[in-house]
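Notes follow once the structure below has been shown.
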């Protein structure tokens, strides 16, 4: 992966989008701050890209729906995990 400023900026923007979509699709309320949502979204993007590479679908003609679906799925898992861990820690 190229770690240029442009790619890092797109990673943060894409992470925010994936994180917000993951929170929308997860049932219930996730009591986590927005910065953790972005971080979980970035994890979803990176791991989703890695999985797409493993499955051989990282480069397709047109929109990469499978790659984006994997990113969203991993983002949902990451947001759910962060919300679960943070919720347990905050409970008295």
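If you rank 76, 11 by fewest surrounding Cβ atoms within 10 Å, what's the result?
11, 76
Which angle from 0 to 90°, rounded to the nearest 10, does the C-alpha axis of helix 5-25 make with the longest principal axis of the chain?
It is inclined by approximately 50 degrees.
Under a crude label model (7 Å from the Cα following the beta-carbon direction), how far is residue 4 from residue 20 in nanometres?
Placing both labels 7 Å along Cα→Cβ, they lie 2.6 nm apart.
For the pair residue 84 and residue 61, what calculated FRET efficiency results from E = 1/(1 + (r/R0)^6), where r is the Cβ-Cβ distance and R0 = 35 Å, to the nearest 0.05?
0.35
If you fit an axis through the alpha-carbon atoms of helix 34-55 and take the longest principal axis of the Cα set of the chain, what angle between them do you get, 0 to 90°, nearest 10?
Around 40 degrees separate the two axes.
Taking the Cβ of each residue in 8, 77, 42 as the centre, tally the other Cβ atoms inside 10 Å and list the residues starting with the fewest.
Placing the least packed residue first, the sequence is 8, 77, 42.
Would you list 60, 37 from fewest to most Cβ contacts within 10 Å?
Going from least to most buried by this count: 60, 37.
Determine the relative contact order of the range 19-92: mean sequence separation of Cα pairs under 8 Å and six or more apart, normalised by residue count, in whole percent.
Normalised by residue count, the contact order of the range 19-92 is 44 percent.
Quick check: residue separation of residue 36 and residue 54 times 0.36 nm, minus the Cα distance between them. What number comes out in nm?
3.8 nm
Bear in mind that the values in this text are calculations on the coordinates, not laboratory data. Being a predicted model, the structure only gives us computed values, none of them experimental. Every residue, glycine among them, receives a Cβ derived from its backbone with ideal geometry; neighbour counts consider all protein chains shown.
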